[in-house]
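For reference, the structure discussed in these notes is given below.
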Amino acid sequence: MPSESSRLVDIDCTPKINVIPLKQRLAIQSIKAIPTKAVTHKILRKITESCDRWNREKDATKDILQYIDDYKINWKEAKRCQDTETKQECARRFMTMNDFFQRERVGLEIQELDNSNALVSPADCRLVAYEHTHDSTKYWIKGQGFSVRKLIANNAVADRFDVGKIVICRLAPDDYHHFHFPVDALYMGSYKVDGEYYSVDPRIVRSKIDAFGDNKREVCMLYNETIGNVLCVIVAATCTGSIVLNKLQPATLYKKGTKMGTFGFGGSTVILLFERNSPLKLCRQFTENSKKAVETYVRVGTFLGKA
């Protein structure tokens with residue numbers, strides 16, 4: 001069986017390393033080892049509450065520099081640092097750690113922009129995609145109790161999405177943490193589901209812990225004329241208590257690539273669900289990698305499939 005770090009490839013199938021600092025690896029192992037949910041929840045809430053200091057500390061330059069080094073972040077992509085020459089100069093452009101975490105980046109490119117039937121990645125992320133939601137539990141999601149019904153917390157529509165396609169976009173701590181419309185779509189509104197703050201690291205998702213079904217999340221309802229109804233589930237994670245949606249207007253058409261919202265500090269996930277009869281065809285490269293439990297690293301706007 002390949003090591004965890006080898007289960008990620010670039011879009012050209014070149015092996016890519018998941019950068020996971022020692023303290024993060026230890027935290028993940030400790031969460032998996034905790035014997036009861038009650039104790040786990042208490043610890044996770046305490047950790048997430050402590051992360052609030054990333055919003056309050058006003059001289060975060062030292063922390064930002066350490067963060068850049070720990071996660072090997074390409075600081076030169078930060079929009080605010082385009083006229084800086086060193087990472088020290090770049091770090092000083094941000095007031096708080098969360099300010100840096102939510103940095104804008106340059107070079108966003110939305111593929112198939114004029115194709116209204118195309119699906120693109122909503123985020124810079126590590127992606128798995130399956131033709132049926134049941135395949136996702138066969139190859140990837142191992143959490144006890146996970147189901148589409150539980151994930152979206154809406155029995156009225158759950159059956160329509162239960163055997164549809166699913167795309168799971170995992171954002172790591174080093175990624176650009178804004179998420180965008182994956183299709184040209186009418187925005188039909190959203191609702192919140194309260195929950196916990198489990199890590200969304202693959203070692204948690206592929207354990208008995210149901211991170212997606214138990215975590216705090218927001219479900220956005222979209223409609224594309226050809227692809228059909230799409231649910232965009234924005235999942236919080238450890239140290240990512242805040243999901244901030246832009247001021248979106250219901251029954252308004254938004255182009256793919258339009259920014260939907262932002263995560264607060266930490267790693268997080270965007271899950272796309274499609275109805276069982278959707279004519280969407282996912283790119284084979286992603287579904288084949290996913291059957292091998294291999295994530296593919298993609299960036300915002302990468303073409304994922306079309307109807």
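The values are calculated or read from the model by the stated rules, or taken from the named source; none is laboratory data. Fair warning: this is a prediction, and the values are worked out from it, not measured in the lab. When we count neighbours, we look across all protein chains shown, and the Cβ atoms used for this are built from the backbone with ideal geometry, even at glycine. Note: accessible area is taken over every heavy atom of the protein model, side chains too, but ligands, DNA and RNA are not part of it. Shrake-Rupley method; radii C 1.70, N 1.55, O 1.52, S 1.80 Å.
Quick one: what pairs do we get from segment 69-82, first residue under 15 Å from Leu108 (Cα atoms), second open to solvent by less than 30 Å² (accessible area, probe 1.4 Å) and part of a loop (DSSP other than H, G, I, E, B), C-beta under 8 Å, 6+ apart or different chains? If the second residue must be open to solvent by less than 30 Å² (accessible area, probe 1.4 Å) and part of a loop (DSSP other than H, G, I, E, B), the pairs left are Glu77/Tyr176; Ala78/Arg103; Lys79/Arg103; Arg80/Phe94; Arg80/Arg103.
The set of residues from segment 252-283 being open to solvent by 60 Å² or more (accessible area, probe 1.4 Å) and modelled with pLDDT under 95 comprises Arg276, Asn277. Can you tell me which residues in segment 123-181 are among the acidic types (Asp, Glu) and open to solvent by less than 10 Å² (accessible area, probe 1.4 Å)? Listed by number, the residues that qualify are Asp124, Asp175.
Pairs meeting the criteria (first residue in segment 286-307 and in contact (Cβ under 8 Å) with a residue 40 or more places away in the chain and open to solvent by 50 Å² or more (accessible area, probe 1.4 Å), second residue hydroxyl-bearing (Ser, Thr, Tyr) and part of a loop (DSSP other than H, G, I, E, B), beta carbons under 8 Å, at least 6 apart or on different chains) are Arg299/Ser121.
Quick grid of which residues meet (1) among the charged types (D, E, K, R); (2) in contact (Cβ under 8 Å) with a residue 40 or more places away in the chain; (3) within 25 Å of Lys79 (Cβ to Cβ):
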residue	(1), (2), (3)
Glu104	yes, yes, yes
Leu119	no, yes, no
Arg126	yes, yes, yes
Tyr130	no, yes, no
Ala153	no, yes, no
Tyr191	no, no, no
Tyr197	no, yes, no
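Determine whether segment 84-98 contains at least one residue that is within 30 Å of Asp184 (Cβ to Cβ) and open to solvent by less than 70 Å² (accessible area, probe 1.4 Å). No - not one qualifying residue is present in segment 84-98. Residues satisfying the criterion are absent from segment 190-199 (criterion: modelled with pLDDT of 90 or more and on the phi > 0 side of the Ramachandran plot).
The test for being within 25 Å of Thr262 (Cβ to Cβ), assigned to a loop (DSSP other than H, G, I, E, B), of a type outside the set (Phe, Trp, Tyr) and modelled with pLDDT under 65 does not hold for Ile28.
Look at segment 206-217: where a residue is in contact (Cβ under 8 Å) with a residue 24 or more places away in the chain and a partner is open to solvent by 30 Å² or more (accessible area, probe 1.4 Å) and part of a helix (DSSP H, G or I), sitting 6+ places away or on another chain with Cβ atoms under 7 Å, you get Ser207/Lys32; Gly213/Lys150.
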